Amino acid sequence: MMNSIEVTVERMGLVSDRYRISLVVLCTTFLILCGVSYKHSIFDHFESVSKEQAFEGGGQNLGSTVQVNRDSEADKTCEGRGQNLTHKNLGSTVKAIADSEAVSKNFSFTNSAKDSSPLTRNHTTTDKLLLDGLIVSGSDKISCLSRFQSYLFRKASLYKPSRYLITKLRKYEDLHKRCGPHTRHYNKTMKELIRPRNKGHSSTLCKYMVWTPVNGLGNRMVSMASAFLYALLTDRVLMVDFRDEMTGLFCEPFPNSSWILPNDFSFRDGRRHFETYQNMLKKDRENSSRQVSSPLVLHLNLQHTSDNPEKFFHCDHSQDLLSNVPLLILSSDQYFVPSLFIVPSFSQELSKMFPERDTAFHHLGRYLFLPSNHVWGIISRFCQAYMAGKDQRIGLQIRTFPDLSAHQVKMDQILRCAIRNKVLPELELRDSMISPWKNQTKSVLVTSLYSYFGESLMTMYLTRPTVTGDIVGVYQPSHEEQQKFDDNMHNIKALTDIYLLSLCDVLVTSSTSSFGYVAQSLGGLKPWILLKLVDENIPDPPCVQDFSMEPCFHYPPKHDCMGKPLHKNGKAFPYTRACLDQTSGMKMVSDRE
Ligand code: GDP
């Protein structure tokens, strides 16, 4: 480890020869004394927690959280300095929200200095508690602590959901309660789909969309949010096929019902053969003069593939065909929300739902993706232990592939980006008299599959003071060493990292990574994006600041609805702009842009 640190520091030109020996000795001694070891991440302990404990321990967790918080007198919060919320308050919050919505009286909630921008809206505590109306006030509190505690851990959003969106969500919740898994309507519809009485004509009461997992967690979350928006627009009920690997990650988002695909669902992969969307389009083209009968169940593949035939999903005619299909099974790893904005028949509805077009994931994500009590326990404890009470929280999301030389270059790029843009303070190389006590404290959260980044950065900031005198603590919650599939604990760590990043004040993210997109969008942040290396060299500039918090839609349509090629990328569509990290991709932009 020392070698790599030495190399990194030397490459950065941050120390002169005369310091090197004392530097290594100092580091070694310090690390031994502190017993700091990244070989054991905070999660090693959790590996032994059985699934049952993990997912059924919500109530118990609550008890102990409340107890600990009530007992603690420490004035530390996870909202940064300037907040008067204490652990004690956090504990009483749980009780207060359980008692009444007049919870605001129990708090003295002051926004931090950083929160005083003119964009900041007036938020009452009840607004914050209910995420400005995204969350319905009567929801069950105990089964999903994050629903009502998340506002204690992050600054109030600068972006308010529209009244129209809130009305749509409440209507959707009613629909889901009526038609969701194992309701009378659901049972009747499934029976009808298995044995249709009237061949070719659907008389089902409710329509459904089943989301299925593709690729990593970030990809899954952006496609799930897109699927939910599609369900809102088309009055479909969304069910999610989480399998074992995603079980217990999230709370149920819709009150008094479940979005989990039932085990006895008859149309799971391979159980039955069904029509594909692409085939339906082909048949439709071949029979342009007469109407093609709609299938009852359809596989809608919106995944990016290498051949990537045009999907025409952004066209009204395709949407007309899809509207007649009672059950859609979706495979997608994409944030396809921008393609919904450009469907003419959806665009008016969407502009009412999202008058600020670049807030779609921000609102939908905060509504849908509430960490389960088990995951929330990890997030909130980590936050309180390592991020609370700091002047600034900085998140570095580092997505790389496992070649060591690339790691060193990447580390150099991160430092060049972060120091140039004053995200991280520079090291003081001369002997100086800077007193650390009067200066700022910064908590740097490093998320990466590899321990190298957290270790290197931590050592760097322990080894020398900063020019500003700021004290920098570096924390990396986990390092999985490789991306894993079908692994529940791996996904818990990924969600923890994503969520913790979203609680930061400033982010540096890796280009084209949906992992980073989800974090920035949940947090309402415009990150510094590390640009791709050019032939293993750091580009200049090493990073650029994003113009929007929205995820990038990597593969937008290339043809119009008549099949004519469109001019390059997003410019072909109104209110869109090419993504900075993938110029062939696009994002919605708001009128503010
Ligand atoms: P993308 O591939 O960068 O777009 O992001 P995805 O989230 O879709 O896929 C990457 C997957 O690799 C994640 O879901 C994790 O399983 C794993 N992974 C990558 N980076 C990290 C990290 O920083 N922390 C953790 N815990 N897992 C990561």
Task: Student exercise, region 163-355 dipole from Lys, Arg, Asp, Glu Cβ charges, in Debye to nearest 20 - done: 740
Open item on the list: Can you compute the charge dipole magnitude of region 379-588 about its Cα centre, using +1 on each Lys and Arg Cβ and -1 on each Asp and Glu Cβ, nothing else charged? Give it in debye, rounded to the nearest 20.
Closed with: 640
Open item on the list: Cβ neighbours within 10 Å, averaged per peptide: list 186-197, 447-458 in order, most packed at the top.
Closed with: 447-458, 186-197
Open item on the list: Between Asp487 and Ser323, what is the label-point separation in nm under the 7 Å Cα-to-beta-carbon projection?
Closed with: 4.6
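In region 214-258, what is the volume of the convex hull around the alpha carbon atoms, normalised per residue and reported in Å³?
On the way: hull volume 3.7 nm³, N = 45.
Hull volume over Cα atoms, normalised by residue count, gives 83 Å³.
Between Thr247 and Thr276, what FRET efficiency follows from the Cβ-Cβ distance if R0 is 22 Å, with the result rounded to 0.05? Present the calculation step by step, with values, prior to reporting the outcome.
Working: r = 28 Å, r/R0 = 1.27.
That pair, Thr247 with Thr276, gives E of 0.20.
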Task: Distance from region 443-512 to region 336-399 (C-alpha centre basis), Å - done: 19
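We did not get these values from a lab; they are worked out from the coordinates using the rules stated. Quick caveat, the model's predicted, so the values are computed rather than measured. Here the Cβ is made from the backbone with ideal geometry for all residues, glycine too, and neighbour counts use every protein chain on show.
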